[in-house]
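Worksheet for the structure shown next.
Since every read-out is calculated from the coordinates, none of them should be taken as a lab result. Since this is a predicted model, take the numbers as computed values, not measurements. Backbone-built Cβ (ideal geometry, glycine too); neighbour counts: all protein chains shown.
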Amino acid sequence: MSKIKKPTPATGKLGVLIPGLGAVGTTFIAGVEAMKKGKAEPIGSFTQMGRIRLGKRTEKRVPLVKDFVPLTPIDDLVFGGWDIFEDNVYEAAKVADVLEDKDLDGVKTELEQIKPMKAVFEKSYVSNIDGPNVKTEGSKYDQALALMDDMKRFKEENNCERLVMVWCASTEKYVEHAEIHLNIKSFEEALKNSDDRIAPSMVYAYAALKMGVPFSNGAPNLTVDIPALIELAKETGTPIAGKDFKTGQTLMKTILAPGFKARSLGVDGWFSTNILGNRDGKVLDSPENFKTKEVSKLSVLDHIFKADDNPKLYKDMYHKVRINYYPPHGDNKESWDNIDIFGWMGYKMQIKVNFLCRDSILAAPIVLDLALLTDLAARSNMNGVQEWLSFYFKSPQTAPGLYPEHDIFKQLIKLENTMRHLMGEDLITHLGLDYYEEL
Ligand SMILES: NC(=O)c1ccc[n+]([C@@H]2O[C@H](COP(=O)([O-])OP(=O)(O)OC[C@H]3O[C@@H](n4cnc5c(N)ncnc54)[C@H](O)[C@@H]3O)[C@@H](O)[C@H]2O)c1
């Protein structure tokens, strides 16, 4: 592995390429275009609005993250993507129905100019939707080459210095590791044979990594979580991060659960249900696609509570997650959580959380941060799995054998300390004894 170094400056334009110009993808692009015109603020984006403490508390150095690490300025971002539908980003945003006309109208011209390139798609992976804008010729390997051509063309036409890719396409059906996923050679052979076990998302990821384009996975698909693509990422010196944007209910879980755990409160049960009516909800209405999401959503509490280490508090916890497709709610997802907890002498208590959230509004700033931070990672010689970006994911990808850290507060410390490390600042341990020793 090459040595991590202080990031090089973020000169020139950064092309953000998005497979899947649906609710999340279009909300993200429309927001950034509005920000370029001073019509919106990047609310929810840690890189744009968050601050980072440097040095001792007495030094009072708390710059904005974007002023501390050299990130590409918002004005230098340009967007492209692929979708199975032909709608341009303005039309797709209207279909997604997340943003109101008053917010879309001001950026209509910019959004209309972004037309989706032909997608690599396989109906068996996303059974509930189908569309005409797809690459139909050749093997999966040929399609990967076609994606690479798309990227080269985009880069040239838009005069970009660098590219990143963030997967915002539909959740694919559940697949498990197979021998063809084990190394680059067997993976490439399988690509050439158009093996069924190679998901479209893996074809995009392969194409990106071959070209040294950082890849983030916003869905719970396996995608870059396979040895072949991890190996390729290292070989081409490319960062990868995944998976499944941490928004909505799981965001709440990783905020609340660490609090219960910190106070040694027990949990008997956690029942989570959701209703949502967007295209994502429709895709997840298929059991095979829901399974991919369920696995991603369920793992969170196990890792936070660690029942084996804390059997008296969490051994018998019953955790259930449900997603129900309910069209009238559109993208405005509603989630209910019933949490049965117990305290001193085993006395029971209940917590009810009813979150009326807007999924894509929570996801869009994550797309922005991942685009900027994976580009930062590439400029810092960081390649392979970027565990420091766990903060943004429901199922953080880690090195083999390492359990993921789900506690959002630990994830934040990891994110901040990685930035300090990159920039040659002292890491902050929060010990704080030195303030008292010096007095
Ligand atoms: N909204 C959130 O808060 C959130 C949170 C976590 C994860 N996600 C994941 O992000 C993804 C996008 O969510 P969304 O709400 O925008 O869904 P969406 O259905 O509105 O958009 C997905 C788009 O991907 C397109 N697509 C499907 N397969 C494709 C392929 N192979 N190539 C190119 N395009 C393809 C679809 O046509 C659709 O336009 C989903 O996988 C979802 O599970 C979303």
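Below is a table of values for the structure above.
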item	result
Qualifying GluC sites (Glu not before Pro) for the range 27-101 [loop in DSSP, other Cβ within 10 Å: at most 13]	E86, E100
Helix-only mean residue ellipticity at 222 nm for the chain, each DSSP H run of n ≥ 4 adding -39500 (n - 2.57), per residue, nearest 500	-11500 deg cm²/dmol
Most fluctuating residue given options G22, G242, G131, as computed from a GNM of the chain linking Cα atoms under 10 Å	G131
FRET efficiency estimate (nearest 0.05) - Cβ-Cβ, L412 to A40, R0 22 angstrom	0.35
Placed amide H near W82: partners under 5 Å, 5+ positions off or other chain	I18, G20, L21, M117
Shape call, the range 162-287: gyration tensor on alpha carbons, a/c limit 1.5	prolate
Under 23 Å from K6, Cα to Cα: lysines that are on another chain or at least 8 residues apart	K56, K66, K234, K414
DSSP-defined beta bridges in the chain - what % are antiparallel, rounded to 5	40 percent
R322 long-range amide H proximity, modeled H, under 5 Å	S272, T273, N274
Over the chain, relative contact order from alpha-carbon pairs under 8 Å, at least 6 apart, %	20 percent
Quotient of C-alpha Rg and 2.2 N^0.38 Å, computed over the range 248-356	1.13
For the chain, size of Cβ-based charge dipole, Lys and Arg +1, Asp and Glu -1, in debye	960 debye
Quotient of C-alpha Rg and 2.2 N^0.38 Å, computed over the chain	0.98
Cα radius of gyration and Dmax for the range 238-301 (Å)	14.2, 43
At least 18 Å along the helix axis (C-alpha) and Kyte average at least -1.0, DSSP helices within the chain	23-36, 248-262, 287-305, 359-378, 408-422
Cα-Cα pairs of the range 302-416 separated by more than 26 Å (percent)	40 percent
The range 147-229: GluC sites (Glu not before Pro) falling in loop per DSSP and having at most 11 other Cβ within 10 Å	E176
Value of relative contact order over the range 136-294, rounded to a whole percent, pairs C-alpha under 8 Å and six or more apart	27 percent
The range 257-332-the range 192-223 distance, computed between alpha-carbon centres (Å)	26 Å
In sequence order, calculated HN-Hα J values of the range 4-10 (Karplus, 6.51, -1.76, 1.60; Hz; x Gly/Pro)	5, 9, 4, x, 6, x, 8
Shape call, the range 363-439: gyration tensor on alpha carbons, a/c limit 1.5	prolate
Amide H contacts under 5 Å for V385, placed H, 5+ residues apart	I240
